[in-house]
Each structure stands twice: as C-alpha cells, then as structure tokens.
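The structure appears below as structure tokens.
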Amino acid sequence: MDKFEDFGKRIDEEFAGLKSIRNFEDFGKRVDEELARVKSFVKEDVAPETEKRAAQFLREVSEKLTEAAAWIEARNAGRNARSGEPPPAGQPPPSS
C-alpha cells in the first residue's frame, strides 16, 4: 500500500470515529484523548529533537562569537601598535 492509500485509509478511519460521536460528552472525551496524544507526541518526539538542534545552534553561535571577539581584539591590537599605545587591560600585547 502506498502512502496515498494509507493516508486515505487513515482519513476514513478518523471520519468514521467522528460519526460515532453522539453527544457533547463523547465529543469532550474525544478532544481529551486527542490532546493527550498530541501532548505525548510533542513531549516524546518534538522536544528532544528541538533541544538537540538548539544545543547545536548555540555551539555554532558560540564559535562565531569567539571568532568575532578575536577579530576585534586583533584589530584593536593593530591600532594600538600603530599608535604606540599599550594594549587595554586584560588584552595580551601584540606579537610582532
């Protein structure tokens, strides 16, 4: 069975389930069941992958910030070397 047929079968099953709802109480139970299913899906499938991607993103941003800081420090060291000023506190002297 291909994906399209499987999808159609699932739609038919869901529609049949909706037809079986006779009153508001049944509707409420069905909504509660679906919300529990969605909550479980998000908790078990979506959240871990999202956290994994977020951690990787933060690592990449951290690397880029480190590179940007080094570039700024090198630029300032070059300026200070040309003007004869000592480097700011906490910054190593420029290497020649």
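A short reminder: the numbers here are calculations on the coordinates, not readings from a lab. Just so we're clear, the structure is a prediction, and the values are computed from it rather than from any experiment. FYI the Cβ positions are ideal-geometry reconstructions off the backbone, even for glycines, and counts take in every protein chain you see.
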Practice problem: Would you tally the net charge around Lys29, using a Cβ to Cβ cut-off of less than 14 Å, leaving Lys29 out, and scoring K and R as +1, D and E as -1? | Solution: -2
Quiz item: Considering the dipole of the stretch 2-58 built from charges on the beta carbon (Lys and Arg +1, Asp and Glu -1) around the Cα centre, which of Leu35, Phe57, Val46 is farthest to its positive end?
Solution: Phe57
Quiz item: Tell me, in nm to one decimal, what length is gained between Ala69 and Asp6 on full extension, where the rule is 0.36 nm per residue of separation less the Cα-Cα distance?
Solution: 17.3 nm
Quiz item: What lysines sit close enough to Lys52 to cross-link, taking a C-alpha to C-alpha distance under 26 Å and skipping anything fewer than 8 places away on the same chain?
Solution: Lys39, Lys43, Lys64
Quiz item: What per residue convex hull volume, in Å³, comes out for the stretch 3-46 when only alpha-carbon positions are used?
Solution: 64
Exercise. May I ask you to give the average projected area over all directions of the convex hull of the Cα atoms of the stretch 17-77, in nm² rounded to one decimal?
Key: 6.4
